[in-house]
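A short worksheet on the structure shown next.
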Amino acid sequence: MTPDIPSLLGFFLFGWSFAVTCVSLEAARRATFTTRAARRRGTGVLVWQEKPSVLVVRPCAGSEPSLERTLASLAHAKRSFDVRCRFAMEQASDLALPAAQRATEALGRAGIEAEIVFTGGGGPNRKAAQLAAAAEGADILIVTDSDVDLAGIDLDVLVAPLASASPAWVAWAPPAEHAPPRTLGDHASAAVLGASLHAFPVLARLDPKGLVGKLFAIRASVLATIGGFGSLVDYLGEDMEIARRVRERGGSVVAVPIVARSLAQGRSWEAVITRFSRWLTVIRAQRPLLLWSYPALFFATWPIVVLATALAFVVPQVALGAALLALLARLVIALVAARMAGRPVGLAVALRDSVLADVVLAVAFTRALRSRTVLWRDRVLVVDRTGHLRQPERTSA
């Protein structure tokens with residue numbers, strides 16, 4: 001007897017839910033046990049064959065909550081090596097300048113040489129342009145965004161993979177948000193980055209080819225091999241392009257078992273949607289095969305539940321099984337992601353964040369499909385099919 005269409009739909013739905021559950025549980029397993037093993041391996045003393053010079057570069061653009069605190073936080077990072085610090089901004093009129101000046105003084109008092117560099121223009125990707133102008137004069141470069149709090153971070157763990165017997169080319173720390181949420185946008189962003197499959201401490205173990213440039217270390221020789229930061233100014237996802245070039249040349253990118261704590265705060269709902277749609281536009285342009293994993297895996301729970309509800313009267317057992325599997329897997333990911341991000345939550349908050357994170361990703365995905373135009377630091381840019389940035393064409397009146 002040939003199965004009818006509702007039955008086929010029901011079994012398809014169960015198969016989808018089962019696949020999401022398997023991926024989610026495997027992601028949770030890897031995040032928990034791989035990170036734990038990496039922490040055990042990283043507890044040794046960092047030994048250099050020849051002690052390198054290390055430069056910390058922090059691109060800055062505009063005033064942000066806690067900016068002075070984050071920029072000065074290098075003084076409270078753990079490390080066994082000497083560092084210099086350079087704050088990079090486009091021009092002296094940048095609103096980040098006062099905080100950078102005070103942070104420079106604070107680092108000086110802590111015995112860390114620090115300076116401010118004005119980089120000017122240089123391309124549509126401002127961060128890459130700033131790094132191209134400022135990241136020179138050292139053997140190892142540590143790049144960290146201006147909202148990352150380095151206090152208590154063990155930088156030895158970050159650079160250790162570059163000094164091992166089989167050195168990695170790039171090492172990075174998965175980011176998570178740790179500032180107390182003040183707005184709906186803050187709650188939404190923290191939910192995506194700390195209670196979903198998209199939480200980078202989880203995603204880093206599921207997708208080892210990735211790189212998020214919030215906090216990473218790279219040797220200057222490797223940077224020269226892949227063309228330098230100056231060759232990245234036309235890419236929206238400069239970190240993703242770094243990872244691609246490194247893999248293409250046979251190098252490795254590794255995620256280290258520490259979390260880059262962002263203190264970003266005070267964002268609107270629209271600002272958060274814009275941010276994640278920009279991220280998904282990068283995926284669409286630079287790793288297009290991954291794009292459809294978002295509706296298939298990253299925000300699949302609630303579509304599965306809705307479809308299960310619709311099929312509940314024709315294939316009730318199959319529909320119920322699919323819905324329960326999806327909900328259980330989603331809750332496990334929310335709890336594991338929060339713990340790996342360093343922000344463990346209770347059951348009620350995990351449920352709330354599960355809904356919030358999936359709504360953000362669904363809306364951002366829809367927007368990324370609809371347009372290749374992005375808003376980045378108050379600039380409108382277009383991402384072409386190769387991932388390159390360009391200015392939008394002006395239409396004559």
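The values are calculated or read from the model by the stated rules, or taken from the named source; none is laboratory data. Source: prediction; values computed, not measured. No Cβ is skipped: glycine too gets one built from the backbone with ideal geometry, and neighbour counts run over all protein chains shown. SASA here: full protein model, heavy atoms, side chains in, ligands and nucleic acids out. Shrake-Rupley method; radii C 1.70, N 1.55, O 1.52, S 1.80 Å.
Between the amide H of ARG343 and any residue lying 5 or more places away or on another chain, no distance stays under 5 Å, with hydrogens modeled in the peptide plane. The heavy atoms of ARG219 present about 70 square angstrom of accessible area, all protein chains included, probe 1.4 Å.
Neighbours of TRP172, meaning other residues whose beta-carbon lies under 9 angstrom from its beta-carbon, give a summed charge of 0 when Lys and Arg score +1 and Asp and Glu score -1. Here's how it looks for ALA88: its modeled amide H is under 5 Å from those of ARG58, CYS60, VAL117, which are all 5 or more places away or on a different chain.
Using R₀ = 51 Å, calculate the FRET efficiency as 1/(1 + (r/R₀)^6) where r is the Cβ-Cβ separation of ASP139 and ARG29; round to 0.05.
Numbers: r = 37 Å, r/R0 = 0.72.
Efficiency for this residue pair is about 0.90.
Atom-type composition of the exposed protein surface of the stretch 168-288 places 55 percent of the accessible area on carbon and sulfur (1.4 angstrom probe). What does the charge add up to near ASP154, with Lys and Arg as +1, Asp and Glu as -1, over the other residues with Cβ less than 9 Å from its Cβ? My count for the surroundings of ASP154 gives +1. Which part of the stretch 333-361 falls in the paramagnetic zone of TRP269, meaning amide N under 11 Å from the point 7 Å along Cα-to-beta-carbon? Those under the cut-off are 360.
Exposed loop sites here are GluC sites (Glu not before Pro) in DSSP loop states with at most 10 other C-beta atoms within 10 Å. What is the longest stretch of the chain lacking them? That would be 51-392. With a simple spin-label model that places each label point 7 Å from the Cα along the Cα-to-Cβ direction, the separation between ALA296 and LYS51 comes to 5.1 nm.
Phi angles across the stretch 241-254 convert, under the Karplus curve 6.51 cos²θ - 1.76 cosθ + 1.60 with θ = phi - 60°, into 3J(HN,Hα) values of 6, 4, 4, 5, 5, 4, 4, 4, 9, x, x, 10, 10, 10 Hz, Gly and Pro given as x.
Note: relative contact order over the stretch 200-290, using C-alpha pairs below 8 Å and six or more positions apart, is 32 percent. For the chain, the solvent-accessible area of protein heavy atoms averages 44 Å² per residue (probe radius 1.4 Å; ligands and nucleic acids excluded).
Sorted on the mean count of surrounding Cβ atoms within 10 Å across their residues, most packed first, peptides 254-262, 71-79 read 254-262, 71-79.
Note on LYS209: aspartates and glutamates with a C-alpha under 17 Å away, same-chain residues under 8 apart excluded, are GLU26, GLU238, ASP239, GLU241, GLU248.
Considering only protein heavy atoms and a probe of 1.4 Å, how much of the accessible area of the stretch 83-137 is carbon and sulfur, as a whole percent? Numbers along the way, then the final one.
Details: 1140 of 2380 Å².
Accessible surface attributable to carbon and sulfur in the stretch 83-137 totals 48 percent.
The length gained by stretching the chain between ARG36 and ALA151 to full extension, at 0.36 nm per residue less their Cα-Cα distance, is 39.2 nm.
Our coupling estimate for the stretch 340-349, obtained by passing each phi through the Karplus curve with A = 6.51, B = -1.76, C = 1.60 and θ = phi - 60°, is 5, 7, x, 9, x, 10, x, 4, 5, 5 Hz, Gly and Pro reported as x. Proximity of backbone amide H atoms, modeled 1.01 Å from N, is registered between ALA114 and CYS85 at under 5 Å, excluding neighbours fewer than 5 places apart on the same chain. Summary value for the chain: 22 percent relative contact order, contacts being C-alpha pairs under 8 angstrom separated by 6+ residues. The distance linking the stretch 168-188 with the stretch 223-250 is 23 Å (Cα centroid to Cα centroid, whole angstrom).
Between ASP384 and PHE12, the modelled labels are 3.8 nm apart [label points 7 Å from Cα along Cα→Cβ]. In summary, the lysines within cross-link reach of LYS127, defined as a Cα separation below 16 angstrom excluding same-chain residues under 8 places away, comprise LYS214. Net charge of the neighbourhood of PRO303, taken over other residues with C-beta under 13 Å away and scored Lys/Arg +1, Asp/Glu -1, is 0.
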